[in-house]
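The values are calculated or read from the model by the stated rules, or taken from the named source; none is laboratory data. Note that the coordinates shown come from a computational prediction; the quantities given were computed from them, not determined experimentally. Methodologically, a virtual Cβ is constructed for each residue, glycine included, from the backbone with ideal geometry; neighbour enumeration extends over all protein chains shown. Just the protein is used for accessible areas: all its heavy atoms, side chains included, with ligands, DNA and RNA removed. Shrake-Rupley method; radii C 1.70, N 1.55, O 1.52, S 1.80 Å.
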Amino acid sequence: MIRTCAVTKEFDVMYDVPLPFVNSSDVSWYWVDFHEPTEDEAKLLSDFFHFHPLAIEDCLEYVQRPKLDFYDRYLFIVLHAIEESSLEAEEVDLFVGQNFIVSFHKQSIHAVNEVWERIKSEEDVQQGPFHVMYRIIDKIVDDYFPPIYHIEDVLNELEENANDETIQEIIEKVFDIRSDLSKLRRTIVPMRDLLYRIIHSERLQRMKERQLYFHDIYDHLLKLAEMIETNREITSDIRDSYLSLNSNRMNTIMMTLTVITTIFMPLTFISSIYGMNFDYMPELHWKYGYFTVLGVMAVIAVSMFFWFKRNGWFRFHKGNDSKEKK
C-alpha cells in the first residue's frame, strides 16, 4: 500500500492524492509512505522517483546496520525499529530531500503510523520533510524504552524472588533476559552511532538548526545503551549468585551424603565380618553376641553423629537452608 500526503504552499494538508500530483507546482512538500508495498509498488522507487539503484537495493534487502548515505538531491537513511513482542529489528528506509520525504518499510511500523497521524499539526506542516524525519527517528527511539523498562521490572522480581521460583527457573529466565538484551543492544548501539554521524556531519547543513533536537535523541540512545549494559551486569550478578547458591546447595547435599556414608562404613565393616561363612568364629556362639554387636554398632553410629555435629557439619547445612529461604 502507498500512502501519500501533500502540503500546499498555503500549508493545507491533503491525503491520498494521486502520486503524480505530488510534483504539482502547488505542492510545497510531500510525504509518500510505502507501507508494506507489493513488488509492483516497490518498482515506483525507480520508475517514478528515480532513486539510486544501490539505495533501492538496500530497501528491498535487509540491511544489518543503520546507515546514512548522501546522494545529489537527497539523503538516504536506514533506521531500525523494534518489534514489540519479539524485539527483533524492523527496517525503515527514508529518502529525504528539500521538498519531499519517502519512507519505505515492509512491516507496519508503529512509529511511522503515529507520525503519519500527527502530520496534521500546524508545526509539523510548516517545518517540512526534515522535521518529519526527526519525528520518525525520535518516535522509533522512544519505542525502545518500554521493553527495557519491562526487563528492569522482571529483574527486580527475580532479585526478590517473590514468586518463590526454583533456582533452575530463575536461571532460565535470566538467560532469556540476556538474550533479549543482546537483541536490543544490536539495534540500539548502531542507531546511536548513526545519530552521532548525523549530528557531526558537515554535509547536513539543513540539520544545523535542528541539532538540539537530534542531540536530544542521541542522549536518549546513550541512556538506553547504559541501561542495557547495567541490566546485563545485573543479570550476570543474579546468574552468578544463584549458580553459587546452587553449587553450595550441591556441596551441602554431598556433605550430608558423605556423613551418612562415613557413619555406615564401620557398621558395614562389622556386619561384613559376621556375614562370613566360617564355622569357627567364637562370637557366633555367644548367647548375647547378636545384641552386643548391635549395641556396638549403635554406639559407633551415635558417637560419629555427635562428632560430626560438634565439628560444624550440620551447622553449615542449616545456614545454607536459611540463606536459600531468603
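Using a probe of 1.4 angstrom and keeping all protein chains present, the accessible surface of the stretch 238-285 works out to 72 square angstrom per residue.
Taking all protein chains as they are arranged and a probe of 1.4 Å, the heavy atoms of Ser103 leave approximately 0 Å² accessible to solvent.
With the biggest extent put first, the Cα atoms of the stretch 1-134 measure 42, 31, 26 Å across the principal axes. Coordinate range of the alpha-carbon atoms in the stretch 2-242 per principal axis, descending: 68, 38, 31 Å.
Relative to the dominant Cα principal axis of the chain, helix 145-160 is inclined by about 10°.
The heavy atoms of Arg192 present about 60 square angstrom of accessible area, all protein chains included, probe 1.4 Å. Along the axis of the charge dipole computed for the stretch 2-242 (Cβ charges of +1 for Lys and Arg, -1 for Asp and Glu, origin at the Cα centre), the listed residues Tyr149, Val78, Phe95 are led at the positive end by Phe95. Counting only the Cα atoms, the stretch 93-187 fills a convex hull of 126 Å³ per residue.
Considering the dipole of the chain built from charges on the beta carbon (Lys and Arg +1, Asp and Glu -1) around the Cα centre, which of Phe214, Leu294, Leu184 is farthest to its positive end? Of the listed residues, the answer is Leu294. Taking the Cα atoms of the stretch 139-250, the ratio Rg/Rh between the radius of gyration and the Kirkwood radius comes to 1.16. Across the accessible surface of the stretch 1-157, with the other protein chains kept in place and a 1.4 Å probe, carbon and sulfur atoms take up 47 percent. Positive-end ranking of Ile140, Thr252, Phe21 along the dipole of the chain, with charges on Cβ about the Cα centre, is headed by Thr252.
Computed about its Cα centre, the charge dipole of the stretch 2-242 is approximately 1200 debye, with only Lys, Arg, Asp and Glu carrying charge at their Cβ.
Entry note, the chain: the mean residue ellipticity at 222 nm calculated from DSSP H runs of n ≥ 4, each adding -39500 (n - 2.57), is -20000 deg cm²/dmol after division by the residues and rounding to the nearest 500. Rounded to the nearest 10 degrees, what's the angle between the helix 129-142 long axis and the longest principal axis of the chain, both from Cα atoms, 0 to 90? Between the helix axis and the principal axis of the chain, the angle is about 10 degrees.
Remark: relative contact order (the stretch 2-242) = 17 percent; criterion is Cα-Cα distance under 8 angstrom and separation of 6 or more residues.
Pairing the Cα long axis of helix 167-200 with the longest principal axis of the chain, what angle in degrees results, from 0 to 90 and rounded to the nearest 10? Once rounded, one gets 30 degrees. Label-to-label distance for Phe48 and Ala225 is 3.8 nm, based on points extended 7 Å past Cα in the beta-carbon direction.
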